[in-house]
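Participant: Take a look at this one; I'll ask things after.
The values are calculated or read from the model by the stated rules, or taken from the named source; none is laboratory data. Quantities reported herein were computed from a predicted structural model and do not represent experimental measurements. Ideal geometry is used to build each Cβ from the backbone, glycine not excepted, and the neighbour counts take in all protein chains shown.
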Amino acid sequence: MHSGSTHFPNKWGRSRGHIEAPAWREREGGRFPGTPKVRRRKSGPLDGQARLLLTVNGLFAAANALSGAFVNVYLWRAKHDFAVIGWFTLVHHLTMAITFWTAGKWVKEHNKMNCLRAGVAFAALFYLAVLSFGERSADYFALLGLIQGISSGLFWLAFNVVYFEVTDPDNRDKFNGWAGLLGAGAGMIAPWISGFLIVRMTAATGYRLIFTISLVVFLIGVVFSFFLKKRKTAGHYDWLLTWRCLRRKDTAWRPVSLALVAQGIREGVFGFIIALLVYVHTGNEMQLGNFSLITSAVSLIAFMITGRLLRPAFRRMAMLIGAAVMVAVIAPFFWKVNFYTLLLFGVGVSMFFPLYSIPMTSTVFDLIGSEAESVRRREEYIVMRELALNVGRLLGTAVFILVVTFNQTPAAMNWLLLGIGSSPLVTWYFMRKVQVHFPGEKPGPKAAGARA
């Protein structure tokens, strides 16, 4: 496909003998110049490629759920140092950010499906390295964080671009709901199986077994990815679009990027600390498996309900409710931190996290699809999204390392969790006035302005 082409894959819609175009071309009867008139299609089904992408994502989630939390426990057992876990996470997020930015050219100009497969392959390499290092893995936390960061960057960059291409604003909430449901299902079953295997065997044997199973599942994910069709490419990668876009004062990407940074602050720390605290306070991998089983079961139901019922008109209020509850459930830690207060936190977050995450994700991708120029530059805008998230993750993790290096008292940890865990309210604050307008819609008081 030649540079600057305005044509995109026809598989974005179901063919019924008439011309169909991507949803960003057909909002409210509006069209971008040069696009054919289209018949509006009903909101509804995910096509075969979307379902296959969900399958690959589900395998990726299952393999990570099987061993992800236990990698941090494995490192903790060797060093008993929160700072080591923090540094491992920091290297991971830094490498992931760099990978997103540099791999953007690969995804934009070459075969993005190979990028996705490479991400899954690097995930397999990560667990192969953990198996090779064994109990010395904590000594190689920087190398392991590097490999895992490359894996995450390659996979999620390609996944998000393909996700944008196979969905539209009408079914994006449904796709996110199904993705969350699959992630919750994997998070419910896989960690419980891991905990069961570890406590029933010697610790070393159990950990080697679950890491080996994760390696195999990732390889299966590579096989399934070959059934995803090669997608067309167009244009040349703009290395500096993020910088130019954020310099403009009249673009919605400025508040959205700040919202993404705030979102990343929480993700960077809560992505590992809660599961680790469950193990630290129980000393039992089976209890961590039970924790994941219960919280993920709640999350599965919550994602199922939210994905089915949430409508774009209610996204703003849903985000506020979700964010407020996610902060409120930290309060019991100031009374006592044990398995039951951690479980109360986990259940509360699992119930209300979909109200926060689905509107956030869908709105950002709708913003990318709201203008022809941003659609043509979708790879660069997805890179910008991920860079903002990773800036937040790096900030949150850096603050965590700084605090735990000097003070690991319960009071310090609780205030740290409350401070970092309150960032969803900041995310909502910046997103509350962001409006996405498609061609033919009457602009509100604040235009989306996605162009750079």
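Participant: Criterion first (in contact with a Leu (Cβ under 7 Å, 6 or more places away or on another chain) and surrounded by fewer than 22 Cβ atoms within 10 Å (Cβ to Cβ)) does Ile294 satisfy it?
Facilitator: Yes, satisfied.
Participant: If you scan region 198-246, which residues turn out to be under 18 Å from Leu125 (Cα atoms) and of a type in the set (Lys, Arg)?
Facilitator: Selection gives Arg208 alone.
Participant: For region 199-233, give me each residue that is over 20 Å from Ile189 (Cα atoms) and either touching a His at 6+ places or on another chain (Cβ under 7 Å) or surrounded by 15 or more Cβ atoms within 10 Å (Cβ to Cβ) (or both).
Facilitator: Val222, Phe224, Ser225, Leu228, Arg231, Thr233 - these are the residues of region 199-233 that are over 20 Å from Ile189 (Cα atoms) and either touching a His at 6+ places or on another chain (Cβ under 7 Å) or surrounded by 15 or more Cβ atoms within 10 Å (Cβ to Cβ) (or both).
Participant: Return the total of residues in region 72-98 being over 30 Å from Trp239 (Cβ atoms) and either touching a residue at least 60 places away in the same chain (Cβ under 8 Å) or touching a His at 6+ places or on another chain (Cβ under 9 Å) (or both).
Facilitator: The number of residues fulfilling the criteria is 11.
Participant: Right, another one. Looking at region 140-186, which of its residues are closer than 12 Å to Asn57 by Cβ and of a type in the set (Ser, Thr, Tyr)?
Facilitator: Matches in region 140-186: Tyr163 only.
Participant: Which of the residues belonging to region 76-85 are assigned to a helix (DSSP H, G or I) and surrounded by fewer than 24 Cβ atoms within 10 Å (Cβ to Cβ)?
Facilitator: Trp76, Arg77, Ala78, Lys79, Phe82, Ala83, Val84, listed by residue number.
Participant: Of all residues in region 186-204, which are at pLDDT 90 or above and over 24 Å from the mean Cα position of the chain (by Cα)?
Facilitator: Gly195, Phe196, Leu197, Ile198, Val199, Arg200
Participant: Exactly one of these conditions fails for Trp156: (1) within 22 Å of Leu125 (Cβ to Cβ); (2) out of contact with any Gly (no Cβ under 9 Å at 6 or more places or on another chain). Give me its number.
Facilitator: So Trp156 meets the others, but not (2).
Participant: Considering each of Ser132, Ser152 in turn, give the residue that is surrounded by 22 or more Cβ atoms within 10 Å (Cβ to Cβ) and either assigned to a helix (DSSP H, G or I) or within 14 Å of the chain's Cα centre (by Cα) (or both).
Facilitator: Result: Ser152 is the single residue among Ser132, Ser152 that is surrounded by 22 or more Cβ atoms within 10 Å (Cβ to Cβ) and either assigned to a helix (DSSP H, G or I) or within 14 Å of the chain's Cα centre (by Cα) (or both).
Participant: Let me ask something else about it. Checking the structure you have, find out if any residue of region 299-319 is part of a helix (DSSP H, G or I), touching a helix residue (DSSP H, G or I) at 6+ places or on another chain (Cβ under 6 Å), farther than 17 Å from Val436 by Cα and charged (D, E, K, R).
Facilitator: no
Participant: Now for a separate question. What number goes with the only condition from (1) within 17 Å of the chain's Cα centre (by Cα); (2) closer than 22 Å to Phe175 by Cβ; (3) among the aliphatic types (A, V, I, L, M) that Met317 does not pass?
Facilitator: (1)
Participant: Let me ask something additional. Which one of these does Ile265 not meet: (1) surrounded by fewer than 19 Cβ atoms within 10 Å (Cβ to Cβ); (2) at pLDDT 90 or above?
Facilitator: The failed condition is (1).
Participant: With respect to Ala69, is the statement that it is of a type outside the set (D, E, K, R), under 19 Å from the mean Cα position of the chain (by Cα), closer than 27 Å to Thr397 by Cβ and part of a helix (DSSP H, G or I) true?
Facilitator: For Ala69, the condition - of a type outside the set (D, E, K, R), under 19 Å from the mean Cα position of the chain (by Cα), closer than 27 Å to Thr397 by Cβ and part of a helix (DSSP H, G or I) - is met.
Participant: Select, from Ala118, Ala97, Ala62, Ala138, the only residue that is under 26 Å from Asn407 (Cα atoms) and of a type in the set (Gly, Ala, Ser).
Facilitator: Ala138
Participant: While we're here: (1) under 19 Å from the mean Cα position of the chain (by Cα); (2) without any contact (Cβ under 8 Å) to a residue 60 or more places away in the chain: which one isn't true of Gly183, the others all being true?
Facilitator: In the conditions (1) under 19 Å from the mean Cα position of the chain (by Cα); (2) without any contact (Cβ under 8 Å) to a residue 60 or more places away in the chain, Gly183 misses (2) alone.
Participant: If a residue must be assigned to a helix (DSSP H, G or I) and either without any contact (Cβ under 8 Å) to a residue 12 or more places away in the chain or in contact with a strand residue (DSSP E or B) (Cβ under 6 Å, 6 or more places away or on another chain) (or both), how many such residues does region 332-357 contain?
Facilitator: So the count comes out to 2.
Participant: Looking at region 230-243, is at least one residue over 18 Å from Val73 (Cβ atoms), without any contact (Cβ under 8 Å) to a residue 24 or more places away in the chain and outside any helix (DSSP H, G or I)?
Facilitator: So far as region 230-243 goes, yes, one or more of its residues are over 18 Å from Val73 (Cβ atoms), without any contact (Cβ under 8 Å) to a residue 24 or more places away in the chain and outside any helix (DSSP H, G or I).
Participant: Moving on to the next point. Where the second residue is acidic (Asp, Glu) and not in a helix (DSSP H, G or I) and the first is in contact (Cβ under 8 Å) with a residue 12 or more places away in the chain and lies in region 358-376, which pairs have Cβ atoms under 8 Å and are six or more apart or on separate chains?
Facilitator: Qualifying pairs under 8 Å: Gly369/Asp168.
Participant: Another one. Out of all the residues in region 167-175, is one or more farther than 18 Å from Thr361 by Cβ and in contact with a helix residue (DSSP H, G or I) (Cβ under 7 Å, 6 or more places away or on another chain)?
Facilitator: No, that holds for no residue.
Participant: Take region 417-428 and flag every residue that is touching a residue at least 40 places away in the same chain (Cβ under 8 Å) and either surrounded by fewer than 22 Cβ atoms within 10 Å (Cβ to Cβ) or not in a helix (DSSP H, G or I) (or both).
Facilitator: Residues satisfying the conditions are Leu418, Ser422, Leu425, Val426.
Participant: Ser370 passes all but one of (1) under 23 Å from Arg316 (Cα atoms); (2) in a helix (DSSP H, G or I); which number fails?
Facilitator: Just one mismatch for Ser370, condition (2).
Participant: Next question. When you scan region 300-325, how many residues do you find that are touching a Gly at 6+ places or on another chain (Cβ under 7 Å) and either modelled with pLDDT of 95 or more or buried (at least 19 other Cβ atoms within 10 Å of the Cβ) (or both)?
Facilitator: 5
Participant: Among the numbered conditions (1) of a type in the set (Val, Ile, Thr); (2) in a helix (DSSP H, G or I); (3) at pLDDT below 90, tell me where Val436 comes up short.
Facilitator: The single condition Val436 does not satisfy is (2).
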